[in-house]
Each structure stands twice: as C-alpha cells, then as structure tokens.
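In what follows, a single structure is set out as structure tokens and then discussed.
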Amino acid sequence: MKKHSRRNFLKSSMVLGAGAIMPKGLTNMTKISTKSFSDHNRIIIVGAGLAGLACAYDLDQSGYNVLLLEARSRPGGRVRTYRDTFADGLYAEMGAEYVDSSDKYLRKYCEDFGLKVLPAKQYDGIYVRDQHISMKDLKSGKKNLPFNGIKGGKLFGQESAYIQDWIEKVRSLGPSSAEVQALDKMSVADVLRKGGAPQDIIDLYTYTNATESTTISSQMSALNMVLANSETSAFSENTEEGRILGGNDQVPKIFAKKLGEKIRYNRPIVKIEYNEDRVTIYFAENGKRRSMSGNNCVLALPVSILRSIKIDPPFSDSKMHCIRNQSYGHVMKVAMQYRRRFWDEPGSIGQRVFTDTPLRRVYHFSIDQPGPRGILLSFTSGSDAERLGRMNEQRRMKVAQETCAEIWNDAPQYWEGGVTKYWNKDPWLKASYSVAGVGQKDFREILAQPEGRFHFAGEHTSIYRASMNGAIESGIRAFKEIVKRI
C-alpha cells in the first residue's frame, strides 16, 4: 500500500489568472472589449493564492482568456515570506512552509521554475512538562515521555494503540460501512476516551496531530483520524520534510510575473451575481464599486471569506451549508532573531524542538542562511494560538522570549527582536486553513463540486487539504474542469 507523507497523512480528508495573450498596453479592465476578449468568453478567477495562480497559469498556457481578481496587493495568499523584518538578509516563512517528498504538484512547478527544495531539519529535541529530552535518548529508550499510556521510543502516533479496534473495523467492514461512517459524529477526543486512552494521550495528541490541524481534538472528526490511520503508516520522527531554498514566496511571484497584467490586485469581491448566460463579479476598486462579467468563474478564495460575500442567487443548499459551516482552526507563526546561534552549541537540547509550551514547535529556520545571526521560528495553533492572538505584539514577544529561555538557558542574552503573524486576524483570511470537523465528512467533496458556470478551488477542496500542494492540485483540477466544459 502506498504510504502518504506525514503532512498528507494528517491533512488528507476522508481518504490539506489568464487566457490567450492579451493585447499589450491594456492596463484598464474596462478597455478589454475586443471580440476575442469579450465578457462572453472570459474566465474570471477570484483569489491569487496558489490555487488561483496555478489555475490561471495553466489556462493562460492553454490559450484561454482569463483575468484574476485579488483583494491583496500581492500574490500568494497564505504563502508569506518575511524578509525586510530581519538583519543580514535573513528571512522566515510566516505562512505555509513545508514541501513533502510526495508533493508532486508543487514540486513540478518548483522544477519548472528552477527552484530547489531542501530537506528541513528533523526534530532533535523535546521539551514537555518541564523536561528536556533528546530525540536520540527517546528513540533508544533511555528516556520516555512524561505521559501516562505512552509507548516508549517514539513521539508521534501514540494515539494509534487506542483506535486499533476501529482500524480493524475499517478493514473488515470497509470505510463506507454505516458503523465506520458514524465516527463522523464523534470527535477525536471522544473516540480516544472510548478506546481507553488516558487524558495524557489526548493531551499529547493536541501537541502532535492537533497542532498540525490548527485545532483541538474535541473539534476534529474521529472518522478522518481513523481512516487516515487505517490507510497510512502512523507519524514518524524520521519523516523528512523540505522547503524551498530562498523562500516559498518565489513560487507565487513567478506565477504572477508570468501572468503579468492579467492579475488585478487590490480588488476585494463584494458580490457574485449570475444567470444561465453569464457570471458578474462586483468588487471594490479605489473606493468605487466596479463589475466584471464572464462566462465562467473559478472561486479560489477561502470559505472563511466567501461566506461574507453576497451570492445572488445562492448556490445549492448543500454548497451554502458547507460554505457557512466549514471548520477552520487558529494558527500563529512567531519569528525570533538572535545575534548568535546558541542552539548549535554543546549542551543544547537541539535545533528543532517539539514542546507543550505556548510556542508548540520551535526550530532554527535559517539553517541554509549564512552569518552569526539566526532565526528561531515557532508554529503554534489551536487554543495556544488563540490565546496569543488576543495579546498585543509586545506581550506576544514577551511570551516568546520567556518560553525560549525555558528551552535554551542562553537565549535571553542573544535576543534581538521578533515578529508574529496571527492568520485569524488577517482581513483576507480570518482563519488558518480548513479542518475536517465533526459531522463534516462530505464537506470537501461538496465544496469542490462545480455548479453551473462556477468552479471551486483552494486547499479546502483538495484531498491534500491544508497544504501548498493541495492548493495547487485544486487549481489544476479546476483548470481541467473548465477545459472539459468549454
């Protein structure tokens, strides 16, 4: 059986603009009125994240008439690389970060665009319940996690021992059986308790799997978790991840450069209107309401934003239900600049540390960047991200400083500064990424289903949800749907 990557194991659900060459010099949308570029054969794409960019790029390469509308002043969506914030040319990924070995859609474009994917550092340290544990000592059995009900020698996948009965039912009855499907009405916390897991295992799951999903175990679908465990190997401390050398933002920037004036920035959508013959998109432009019409539309924006846009007439009842109720988590990145890389020195717990602190995952990000300075990056989510999100920037950085001082005693003397990004307060996202919530087993398929002249893309519609690879996959799928339709 094919084994999925670590992030796809966690994020897969139930198994996360341009056309023909545009005449030069046309910078005003209202001037695009020649016969070959009329409203009637235009494809409008909403959202210049990786999903919208990939769809637009492939349509453009195939000779279709496409325009892409984006609310932000930049491409990339949840791909956000901070550069100007730091000294010595350092940078940090404040949004989407990892590229797995199985991310074939993203890796294809990296290859096409001449971008190199480097392996990321694996976890080499653990700091939980005030104890420092090296990954080497954990794997060898010299030390164990200070949690009841755990199996020695590993960090991830401790929950699997408590769902074995359900995994056997999936294999004997089939994933579509009524008994297995009923798990969708239960949370991960519910099914673990039912399997005899102590609270420590549920707590540990919060810091391992639930952190990746940006939510908490009581809000995650048990069906999604059980199916994932029955179809793949459990999490491993040895799983290799990667990231793009020089910054992930290179991918959307290259897409955008190739699409050029076919992308219209700073145009947030306010209303969607349609009939049997055409689609009309209303948007704000320089404080005024404008509109654009076409004969097909790809909605490649997060559901967390789509639900605030007026749709007239509404889509099907099932689609609207999913738009209104799709679950999202909370996520925050914290980047901390230090003038010395003390985490590499003798006696350090390591470069990449798994914790149960408010920072959750803390790791040396600038491993491929020269100089004495370095950046520690934190990925935190769920309730911890939500708590930090309620603080101001100064208070967040104080928590970050204090936490790093717990993990590395030398940290305070080398501190220089830092920055945070709380995605749930981003005006064009207001969330993290989609989560397979309790009772939402069919949401992904419903959200991905075309309706009339509309097609839907974004990580929330992909089987590789909550990833850059999933976003691109969904854009390619929407592209293929349009080609088949037209």
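Here the condition is being surrounded by fewer than 18 Cβ atoms within 10 Å (Cβ to Cβ), modelled with pLDDT of 95 or more and closer than 30 Å to G89 by Cβ; of R290, R307, R340, it holds for R340 alone.
Screening D384 against (1) assigned by TED's automatic domain parsing to the domain that holds A54; (2) within 30 Å of S101 (Cα to Cα); (3) of a type in the set (D, E, K, R) leaves a single unmet condition, (1). Hey, can you tell me all the residues within the range 448-460 that are assigned to a helix (DSSP H, G or I) and surrounded by fewer than 24 Cβ atoms within 10 Å (Cβ to Cβ)? Across the range 448-460, the qualifying residue is only A448. Of all the numbered requirements in (1) surrounded by 15 or more Cβ atoms within 10 Å (Cβ to Cβ); (2) over 24 Å from the mean Cα position of the chain (by Cα), P346 misses one, and that requirement is (1).
Considering Y162, Y127, the condition of being aromatic (F, W, Y), in the same structural domain as Q199 (by TED's automatic domain parsing) and closer than 18 Å to T208 by Cβ is satisfied by Y162 alone. Of the set (1) in contact with a helix residue (DSSP H, G or I) (Cβ under 8 Å, 6 or more places away or on another chain); (2) part of a helix (DSSP H, G or I), all apply to Q413 but (1). Of everything in the range 76-115 that is polar (S, T, N, Q), in contact with a strand residue (DSSP E or B) (Cβ under 8 Å, 6 or more places away or on another chain) and in a loop (DSSP other than H, G, I, E, B), the residue that is modelled with the highest pLDDT is T85. Among the numbered conditions (1) under 29 Å from I305 (Cβ atoms); (2) not in a loop (DSSP other than H, G, I, E, B), the only one that L118 does not meet is (1).
If you go through the range 462-480 one residue at a time, do you hit one that is under 30 Å from K108 (Cα atoms), outside the structural domain of D384 (by TED's automatic domain parsing) and part of a strand (DSSP E or B)? Looking through the range 462-480, none of the residues is under 30 Å from K108 (Cα atoms), outside the structural domain of D384 (by TED's automatic domain parsing) and part of a strand (DSSP E or B).
Which residue out of D249, D200 is surrounded by fewer than 19 Cβ atoms within 10 Å (Cβ to Cβ) and at pLDDT 95 or above? So that I can check it myself, show each step before the final result.
Working: D249 fails: surrounded by fewer than 19 Cβ atoms within 10 Å (Cβ to Cβ).
Going through D249, D200 in turn, the sole match is D200.
Within the range 190-208, residues that are assigned to a helix (DSSP H, G or I) have Cβ atoms under 6 Å from residues that are among the hydroxyl-bearing types (S, T, Y) and surrounded by 17 or more Cβ atoms within 10 Å (Cβ to Cβ) in these pairs: L192/Y162; I202/S217; Y205/S217; T206/S217, counting only partners at least 6 apart in sequence or on another chain.
Taking the stated definitions as given, is Q181 in contact with a Pro (Cβ under 9 Å, 6 or more places away or on another chain) and either surrounded by 13 or more Cβ atoms within 10 Å (Cβ to Cβ) or of a type in the set (K, R) (or both)?
Details: in contact with a Pro (Cβ under 9 Å, 6 or more places away or on another chain): yes; either surrounded by 13 or more Cβ atoms within 10 Å (Cβ to Cβ) or of a type in the set (K, R) (or both): yes.
Taking the combined requirement at face value, the residue satisfies it.
On the basis of being under 22 Å from L50 (Cβ atoms) and touching a Leu at 6+ places or on another chain (Cβ under 7 Å), does F354 make the cut? Step through it out loud before you land on a result.
Details: under 22 Å from L50 (Cβ atoms): no; touching a Leu at 6+ places or on another chain (Cβ under 7 Å): yes.
Criteria not met by F354.
Among the residues making up the range 462-478, a single one is hydrophobic (A, V, I, L, M, F, W, C), at pLDDT below 95 and over 15 Å from Q449 (Cβ atoms): A466.
Select the strands (runs of 3 or more DSSP E) contained entirely in the range 247-298, then report the ones holding at least 1 residues which are touching a strand residue (DSSP E or B) at 6+ places or on another chain (Cβ under 7 Å) and acidic (D, E). Let's see the steps before the verdict.
Details: elements: 269-274, 279-285, 288-294.
Result: 269-274.
Of all residues in the range 56-64, none satisfies being at pLDDT 95 or above, surrounded by 15 or more Cβ atoms within 10 Å (Cβ to Cβ) and in a strand (DSSP E or B).
Each row is one residue, and each column tells you yes or no for (1) at pLDDT 95 or above; (2) outside the structural domain of G452 (by TED's automatic domain parsing); (3) closer than 30 Å to Q219 by Cα; (4) outside any strand (DSSP E or B).
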| site | (1), (2), (3), (4) |
| --- | --- |
| M320 | yes, no, yes, yes |
| L359 | yes, yes, yes, yes |
| I367 | no, yes, no, yes |
| G371 | no, yes, no, yes |
| L376 | yes, yes, yes, no |
| C404 | yes, yes, yes, yes |
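The values are calculated or read from the model by the stated rules, or taken from the named source; none is laboratory data. What you are looking at is a predicted structure, and each value in this text was computed from that prediction instead of being measured. Virtual Cβ from ideal backbone geometry, glycine too; neighbours counted across all protein chains shown.
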